[in-house]
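The values are calculated or read from the model by the stated rules, or taken from the named source; none is laboratory data. Just so you know, these numbers come straight off a predicted model, no measurement behind them. All Cβ positions, even for glycine, are placed from backbone atoms using ideal geometry, and neighbour counts span all protein chains on display. Only protein heavy atoms, including side chains, enter the accessible area calculation; ligands, DNA and RNA are left aside. Shrake-Rupley method; radii C 1.70, N 1.55, O 1.52, S 1.80 Å.
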Amino acid sequence: MTIRLCTSRHVRNNTYERNETPNCPWTKMVLKKRKWQVELEENEEEGDVDLAVLMEPGPDMEHNSPIVDHVEHAIDEVWTDSIEPVSCAEVELDYEDDDQDDEPSMIVLDADAEVAKWWKQCQINNTPLAQSIKLPNTVNPHTRIRVLSRLPEVRQHLEDCIERILSHMSSIRVKDRGCMYAALASLYQTVGEVELATEAITKARSLLPSDGQIRLRAEIIERQRRVSRRHADVILSCKSDTPADTTAPPNSGFEVHRRSDLSLSEFYHEYAMKRKPVVITDIVSSMFEERWDLGFLASTIGHKTAMLKRTIGDSLSWAGLEDAQSMKIHEFIAHLQHKTLPEPLYLFDWLLPVHAPELTAELTIPRYFVNDFLQRVSVGSLYRDSWPSLFIGPAGSNSKLHVDAFGSNFWMALIEGRKRWIFFDPNEIPYLYPEYVGLSLDPSFAVDPIRPDLSRYPLFERAKATEIILEPGELLFVPSGCPHCVENLTDSIAISGNYVDGSNFESVKTELKAASYLDSKAAQLLTEFESPSFQSDMRFDLSDQPWDQFKRQTRTSGSV
């Protein structure tokens with residue numbers, strides 16, 4: 001089956017509106033993201049399907065916007081075998097005009113989709129490589145893409161794609177070149193040529209300045225570029241002839257204080273503003289009307305079904321956790337109590353306001369977090385009603401190294417059990433080998449801080465890790481941007497929250513600006529935060545607040 005995608009000002013035959021999707025997986029993917037009209041023609045003798053795609057231009061959208069939006073859906077489709085993916089190097093972008101009969105030009109849409117197509121072809125041909133490669137047991141296609149991208153054969157294939165584009169660039173119509181440069185940027189980034197990726201995406205932005213995906217990719221490439229330059233500087237300035245000890249533990253980081261009787265003002269100025277973690281030892285017991293032990297949770301929310309997570313070592317999913325199976329919570333708790341779980345399944349970051357609002361009604365929010373700016377925005381705004389979330393995990397369950405999203409601060413109150421925390425100052429991130437996958441602003445980290453392979457990741461030897469054991473009844477504050485990983489040393493129960501206040505407000509706005517290129521909810525939240533009428537003051541006369549009061553907090557200015 002071959003597929004042709006083209007933008008067209010005139011759709012001649014069968015036209016499908018967005019709510020009349022023809023029975024074709026690729027067409028459904030095309031229709032998902034923007035308002036398209038599609039004509040579907042099938043040649044039954046040859047089995048070819050042509051999709052002529054017409055974008056309905058809007059006030060903020062150019063007529064000739066590229067079709068690069070749909071690469072994510074294409075990658076997902078590769079692993080379902082429901083349709084052969086389109087080769088990035090074989091998609092035709094054809095602008096049809098009544099008075100123009102130019103030949104269509106070739107574009108490469110995305111390196112990930114090209115890798116997926118290459119692998120699919122290996123499987124179809126049953127090549128020796130396809131028979132020998134063992135891909136991770138993962139539901140995340142990006143994880144498989146990353147593993148494949150490391151193969152010399154795939155790197156050569158992508159470099160051939162680059163050469164093919166460059167050899168044809170002079171003959172490509174000017175209005176198509178923005179797509180081509182975006183494609184080059186994706187290919188260069190995947191093969192590790194970050195400086196060349198920067199040059200390519202800069203040219204793409206100059207040709208398609210309003211394209212949200214290109215703007216977002218430019219931001220991601222710039223972040224990877226800063227990491228690469230930091231790596232280069234360290235290698236040049238800190239070369240050593242002494243071989244690294246590949247079994248060496250992480251260097252010791254900063255001291256984490258354990259505090260009680262901590263005032264809101266001291267917490268904010270000494271810890272939040274200085275981005276220093278702190279353990280608060282005397283607050284957790286006052287957060288609950290009843291103790292949230294396993295029996296209480298089984299009786300109150302045991303009838304609810306939750307998706308449990310499992311840790312996949314090489315996964316590019318957030319914190320290395322992927323969906324494992326759904327289970328009634330009372331069944332999960334029974335397995336936990338009787339030690340009959342088939343693997344260390346984890347109820348991870350289960351959003352209480354979404355799934356169990358009856359539990360949140362019993363909570364009291366500590367004074368340190370009641371200035372949450374997310375509670376000062378419109379009802380229904382992004383993240384306003386996401387937290388706190390519930391964690392129930394057996395001994396041995398864990399989350400891989402990650403950073404909390406959108407520049408938010410984080411807290412965790414441990415009800416039962418013991419947790420091992422390892423975290424790093426944000427300035428240590430380049431030593432942790434961050435990777436930016438797809439169009440995600442959240443980095444994945446290649447290195448495992450618990451079992452680091454210093455022969456593969458030698459700069460990690462310079463990272464300064466901080467390790468603590470969080471005990472029952474303690475609350476940990478983790479400032480924005482701190483990479484961390486967590487291991488349950490015993491069966492554990494905890495709740496956590498992400499929040500925004502004056503200590504991380506600027507970081508959050510920076511993250512929201514980048515996310516807003518493709519996410520309208522992020523754009524809406526950013527608009528509220530940047531409004532002259534938004535109250536971004538910090539009040540230090542506040543005390544612990546019951547849940548209903550916290551959700552109704554006033555927007556009256558106070559003293560900073």
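Can you sort His157, His269 by solvent-accessible area, 1.4 Å probe, largest first?
Solvent-accessible surface, decreasing: His269, His157.
Provide, as a two-decimal number, the C-alpha radius of gyration of region 373-480 over 2.2 N^0.38 Å, N being how many residues it has.
Here the answer is 1.23, to two decimals.
Over all distinct alpha-carbon pairs, what is the Kirkwood Rh of region 176-226 in angstrom?
Values: mean 1/r = 0.0982 Å⁻¹.
Radius from the Kirkwood sum: 10.2 Å.
With N residues in region 248-343, what two-decimal value do you get for its Cα radius of gyration over 2.2 N^0.38 Å?
Against the compact-globule rule of thumb, the ratio is 1.53.
Would you calculate the separation in nanometres between label points at Glu153 and Gln535, each defined as 7 Å from the Cα along the Cα-to-beta-carbon direction?
Each label point is offset 7 Å from its Cα along the Cβ direction, giving 6.3 nm.
Roughly speaking, to the nearest percent, how much of region 409-490's 1.4 Å accessible area is carbon and sulfur?
Working: 1140 of 2520 Å².
With neighbouring chains kept in place, the figure for region 409-490 is 45 percent.
Please turn the phi angles of region 160-174 into ³J(HN,Hα) values with the Karplus equation 6.51 cos²θ - 1.76 cosθ + 1.60 (θ = phi - 60°), one per residue in order, whole Hz, x for glycine and proline.
For region 160-174, the Karplus curve yields 5, 4, 4, 4, 5, 5, 4, 5, 9, 4, 5, 9, 7, 4, 4 Hz.
Expressed in nm², what is the orientationally averaged projection area of the convex hull enclosing the Cα positions of region 356-429? Display every interim value, and only then the final one.
Numbers: hull surface 27.4 nm².
Over all viewing directions, region 356-429 projects a mean Cα-hull area of 6.9 nm².
Dividing the alpha-carbon radius of gyration of region 133-213 by 2.2 N^0.38 Å (N being the number of residues), what value is obtained?
1.24
Please go through region 447-539 and write out the trypsin sites (Lys or Arg not before Pro) that DSSP classes as loop and that have at most 11 other C-beta atoms within 10 Å.
Arg456
Please compute the modelled spin-label separation between Glu195 and Asp160, points set 7 Å along Cα→Cβ, answer in nm with one decimal.
2.8 nm
Gain in length, Gln123 to Lys509, computed as 0.36 nm per residue apart minus the alpha-carbon separation, to one decimal in nm?
Roughly 134.5 nm would be gained on extension.
I want to check the label-to-label distance for Glu290 and Arg230. Put each point 7 Å from Cα in the C-beta direction and report it in nm to one decimal.
Distance between the two pseudo-spin positions: 4.7 nm.
Could you state the accessible area per residue of region 461-560 in Å², with a 1.4 Å probe and every protein chain left in place?
42 Å²
What is the mean projected area of the alpha carbon convex hull for region 299-417, to one decimal in square nanometres?
Averaging across all directions leaves 8.5 nm² for the Cα convex hull.
Express in whole angstrom the spacing between the alpha-carbon centres of region 462-486 and region 341-362.
Cα centroid to Cα centroid, the span is 21 Å.
I want to make sure I understand the PRE zone here: with the label point 7 angstrom from the Cα of Lys464 toward its beta carbon, which residues in region 380-422 have backbone N atoms less than 17 Å away?
In region 380-422, the label zone of Lys464 (backbone N under 17 Å from the point 7 Å along Cα→Cβ) covers 422.
Run through region 482-560 and list the chymotrypsin sites (Phe, Trp or Tyr not before Pro) located in a DSSP loop whose Cβ has at most 15 other Cβ atoms within 10 Å.
Of the chymotrypsin sites (Phe, Trp or Tyr not before Pro), the ones in loops of region 482-560 whose Cβ has at most 15 other Cβ atoms within 10 Å are Phe534.
Express the Stokes-Einstein translational diffusion coefficient of region 106-163 in µm² s⁻¹, to the nearest whole number, given a Kirkwood radius over alpha-carbon pairs, 25 °C and a viscosity of 0.890 mPa s.
Values: Rh = 11.9 Å.
My calculation gives 206 µm²/s for D.
Calculate the FRET efficiency for Asp323 and Arg173 from the Cβ-Cβ distance with a Förster distance of 45 Å, rounded to the nearest 0.05. Walk me through the intermediate numbers first.
Working: r = 44 Å, r/R0 = 0.97.
With R0 = 45 Å, the Cβ-Cβ based efficiency is 0.55.
Greater than 25 Å separation of Cα atoms is the criterion. Which listed pairs, Lys509/Lys551; Lys309/Lys419; Lys134/Lys328, meet it?
From Lys509/Lys551; Lys309/Lys419; Lys134/Lys328, over 25 Å: Lys134/Lys328.
According to the Kirkwood expression over distinct Cα-Cα pairs, how big is the hydrodynamic radius of region 445-507, in Å?
14.7 Å
Translational D (Stokes-Einstein, µm²/s) of region 458-560 at 10 °C and 1.306 mPa s when Rh comes from the Kirkwood sum over C-alpha pairs?
The estimated diffusion coefficient comes to 91 µm²/s.
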